[in-house]
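Nothing in this text is a laboratory measurement; each read-out follows from the coordinates by a stated rule. All values derive from a computational prediction rather than experimental measurement. Counting neighbours? That spans all protein chains shown, and the Cβs are built from the backbone with ideal geometry, glycine included.
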Amino acid sequence: MTGNGLRIGDEAPDFALRDQFGQDVRLGDFRGRKAVVLMFFPFAFTGVCTGELSGVRDRLDEFLTFDSEVLAVSCDSVYSLRSFAETEGLNFPLLSDWWPHGAVSQAYEVFDTTKGAARRSSYVVDREGRLRWAVHNANPDGRDLDEHLRQLHAALESHLV
């Protein structure tokens, strides 16, 4: 179980959000083609978020293959995400869940209504569009990128069997 309603094996809620360049990115477009690591993060330019997304940047070749993609989602505006990506050299999609504010984060049960931001949570969505893994970290705790890679590769391998 990932939260109150989403369960591992469920179809991942589809969405379309704008990336840091203002281009629409739809989760459903990856269905049948790629597994996706969805990384919800609270705020651009904050210490833990900058550290872990820079870690993904530094290991992007491990995350991205012909069969996988990384999508990072926050409730920051497209403009903030563009500046954040340029400042930190983040060369993967940063998606804005700005408006309607936090709608995608709410669909994934990771919206913190007190802070008005996504919690530090991740999901692996397989090529069929199903949730294969979820982890929810306390906001001060960075993600274990090695575990993210293990879970991504497990989702890719399960499709080959």
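Exactly one of these conditions fails for LEU149: (1) out of contact with any helix residue (DSSP H, G or I) (no Cβ under 7 Å at 6 or more places or on another chain); (2) in a helix (DSSP H, G or I). Give me its number.
Among (1) out of contact with any helix residue (DSSP H, G or I) (no Cβ under 7 Å at 6 or more places or on another chain); (2) in a helix (DSSP H, G or I), the lone unmet condition for LEU149 is (1).
Give the residue that is farthest from ALA154 (Cα to Cα), with candidates limited to residues of the stretch 109-133 that are among the small types (Gly, Ala, Ser) and not in a strand (DSSP E or B).
Ranking the qualifying residues of the stretch 109-133, first place goes to GLY116.
Just name the residue that is surrounded by the most Cβ atoms within 10 Å (Cβ to Cβ) out of those in the stretch 1-55 that are in contact with a Pro (Cβ under 7 Å, 6 or more places away or on another chain) and part of a helix (DSSP H, G or I).
CYS49
Filter the stretch 104-135 for residues that are surrounded by 14 or more Cβ atoms within 10 Å (Cβ to Cβ) and free of Cβ contacts under 8 Å to residues at least 40 places away in the same chain; which is farthest from THR50 (Cα to Cα)?
Once the filter is applied, the top-ranked residue is GLN106.
Go through the stretch 14-50 and report how many residues are over 17 Å from ASP76 (Cα atoms) and touching a residue at least 40 places away in the same chain (Cβ under 8 Å).
Qualifying residue count, the stretch 14-50: 11.
Residues being surrounded by 15 or more Cβ atoms within 10 Å (Cβ to Cβ) and over 14 Å from the mean Cα position of the chain (by Cα): count how many of those fall in the stretch 87-102.
Looking only at that region, the number is 2.
Given the criterion among the aromatic types (Phe, Trp, Tyr), under 17 Å from GLN20 (Cβ atoms) and touching a Lys or Arg at 6+ places or on another chain (Cβ under 7 Å), identify the matching residue among PHE40, PHE45, PHE84.
When all the criteria are applied, what remains is PHE40.
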